[in-house]
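What follows is one structure encoded as structure tokens, with my remarks underneath.
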């Protein structure tokens, strides 16, 4: 069963990497979250089907064991996708540090002062880009000049709760 | 299942030890990423536990509780540790994701205008702090009042451009 589970999540994750390069050719940068969700689901389903074709072990598994295998494989795949998204994709796609590095890099040996940098890249464009991305992804809505939270559940809220909890536990905030 | 429980329990124990270690170091005003290396010791412990279980628990593929899942259990521990480390970067860098903060602000205010939202951010928080981080990790250097990219930063940006070209995107940030 271990081999079966490992096959599923490794194939799922490899497909996640491949598919996200394809999916984002059709999704603009503002629809990052929808693109990620689509990639995740596509890779999960395709990977599962490929695993079934490649492994004949699953014929011998009882329904409960088969279901258990799928659940475990899904949890591990979710962890893989989460790690890749935050550690690589997020940094390459949305990171402020990378954007600053890019702007500084374009000036070459001449360099740039912080004043010149903030004229090109400041609160206005940083916030606007992110708000547009959140609206295009359906996390927020924009109506009559106001932004509202469209869904009660949002990954970002979960992220904030976890960070707030960790800050309390680690005594960085009381 | 028992293998997964083992990895889960060892991860929790390592997490608790990490909290205690961090609080201890905090008394001496030491805050360091290196404390996360405790999870490497946790992995060694997990590996030992998995090997012990594999050799001593009778293999019974029909009983989910005792089905041997050594590789899955070890990979799960590693992933939980890595994902936890990612969350801890916010703690160590004292950073907050602007997008997460935006969603949070809209939620607590139930609705918000752009000009209200901007009041909660500053160039100091969004830009100057990050510039200082880039200097500290030696991706850029500061010469007088000017920031210049250096070798490590050039390599990073080349990789990022390549990665984004595969996605068909330009850099926006």
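The values are calculated or read from the model by the stated rules, or taken from the named source; none is laboratory data. Given the structure is predicted, the values throughout are model-derived calculations rather than measurements. Cβ: placed from backbone, ideal geometry, glycine included. Neighbour counts: every protein chain shown.
Is region B:147-164 home to any residue that is in a loop (DSSP other than H, G, I, E, B) and facing chain A (nearest Cβ under 7 Å)? Steps first, answer last, please.
Narrowing region B:147-164 to residues in a loop (DSSP other than H, G, I, E, B): B:150.
The next check asks that each one be facing chain A (nearest Cβ under 7 Å); those that pass are none.
Within region B:147-164 (the criterion being in a loop (DSSP other than H, G, I, E, B) and facing chain A (nearest Cβ under 7 Å)), the answer is no, since none of the residues qualifies.
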Condition check: closer than 26 Å to residue B:143 by Cα, at the interface with another protein chain (Cβ under 9 Å from one of its Cβ atoms), out of contact with any strand residue (DSSP E or B) (no Cβ under 7 Å at 6 or more places or on another chain) and part of a helix (DSSP H, G or I). Does residue A:126 satisfy that? yes
Among the residues of region A:158-170, are any under 23 Å from the mean Cα position of the chain (by Cα), at the interface with another protein chain (Cβ under 9 Å from one of its Cβ atoms), at pLDDT below 85 and more than 19 Å from residue B:95 (Cα to Cα)? no
Quick one: residue A:63 ticks every box in (1) without any contact (Cβ under 8 Å) to a residue 24 or more places away in the chain; (2) more than 9 Å from every other protein chain (Cβ to nearest Cβ); (3) more than 29 Å from residue B:81 (Cα to Cα); (4) touching a helix residue (DSSP H, G or I) at 6+ places or on another chain (Cβ under 8 Å) bar one, so which box is it? (4)
Quick check, is residue A:117 in contact (Cβ under 8 Å) with a residue 12 or more places away in the chain and within 8 Å of another protein chain (Cβ to nearest Cβ)? yes
Out of the residues in region B:97-112 that are touching a residue at least 12 places away in the same chain (Cβ under 8 Å) and within 7 Å of chain A (Cβ to nearest Cβ), state the one that is surrounded by the fewest Cβ atoms within 10 Å (Cβ to Cβ). B:98
Count, please, the residues in region B:81-96 that happen to be in contact with a helix residue (DSSP H, G or I) (Cβ under 6 Å, 6 or more places away or on another chain) and more than 7 Å from chain A (Cβ to nearest Cβ). 3
(1) surrounded by fewer than 19 Cβ atoms within 10 Å (Cβ to Cβ); (2) touching a residue at least 40 places away in the same chain (Cβ under 8 Å): which one isn't true of residue B:146, the others all being true? (2)
Identify the single condition in (1) under 25 Å from residue B:110 (Cα atoms); (2) surrounded by fewer than 16 Cβ atoms within 10 Å (Cβ to Cβ); (3) modelled with pLDDT of 85 or more that residue A:109 does not satisfy, given that it satisfies every other one. (1)
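Would you say residue B:141 is outside any loop (DSSP other than H, G, I, E, B), more than 7 Å from chain A (Cβ to nearest Cβ), at pLDDT 85 or above and out of contact with any strand residue (DSSP E or B) (no Cβ under 9 Å at 6 or more places or on another chain)? Break it down stepwise before answering.
Values: outside any loop (DSSP other than H, G, I, E, B): yes; more than 7 Å from chain A (Cβ to nearest Cβ): yes; at pLDDT 85 or above: yes; out of contact with any strand residue (DSSP E or B) (no Cβ under 9 Å at 6 or more places or on another chain): no.
Here the answer is no, as residue B:141 does not meet what is asked.
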